[in-house]
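In what follows, a single structure is set out as structure tokens and then discussed.
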Amino acid sequence: MSIKFILILCVFTLASPLLAQHTSKKIKWNVNEEDGITWAMNCEFVGNHLNTVKDIEGQYCGMLCASTLECTHFVWMRKSGGTCELKKGSISLEQAKWKRQRGIVCGIVPQEEDDDE
């Protein structure tokens with residue numbers, strides 16, 4: 001075997017877990033037992049902007065969304081001392097986009113059901 005082949009094989013072997021993670025785009029969802037907010041790391045929701053709040057710690061972004069009229073989901077990122085993007089509209093976990101960028105969190109707040117019956 002040539003040294004070039006061995007180096008290529010080593011690089012591919014070391015990189016394959018990273019490639020598999022990127023191409024599978026698996027998002028590991030968590031549910032906060034206290035407030036029912038479903039959240040995950042390294043994901044985002046595109047569009048449906050409601051409001052942006054800067055200089056906020058990540059653990060407060062979901063609570064802010066839950067207490068904001070019309071907010072159904074959110075994205076938090078580290079920039080600007082912590083930026084919380086509040087989102088509105090219908091949403092599902094399947095609509096989340098995996099992001100390679102670390103320090104980004106997305107989540108969905110539980111919605112109250114209508115008691116029209």
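Since every read-out is calculated from the coordinates, none of them should be taken as a lab result. Please read these numbers as outputs of a predicted model, since none were measured by experiment. Reconstructed Cβ throughout: ideal geometry from the backbone, glycine too, with neighbour counts over all protein chains shown.
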Linear extension gain, Met41 paired with Asp55, 0.36 nm per residue minus alpha-carbon span: 3.1 nm
Largest to smallest principal axis extent of the C-alpha atoms in region 28-108, angstrom: 27, 27, 27
Label-point separation in nm, Lys26 to Lys79, each point 7 Å along Cα→Cβ: 2.9 nm
Integer Hz, Karplus 6.51/-1.76/1.60 couplings in order for region 56-61, x for Gly and Pro: 10, 6, x, 5, 9, 5
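For Trp76, Trp98, Trp39, what's the fewest-to-most ordering of other Cβ within 10 Å of each Cβ?
Trp98, Trp39, Trp76
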Lysines whose Cα lies under 25 Å from that of Lys26, excluding same-chain neighbours fewer than 8 positions away: Lys79, Lys87, Lys88, Lys97, Lys99
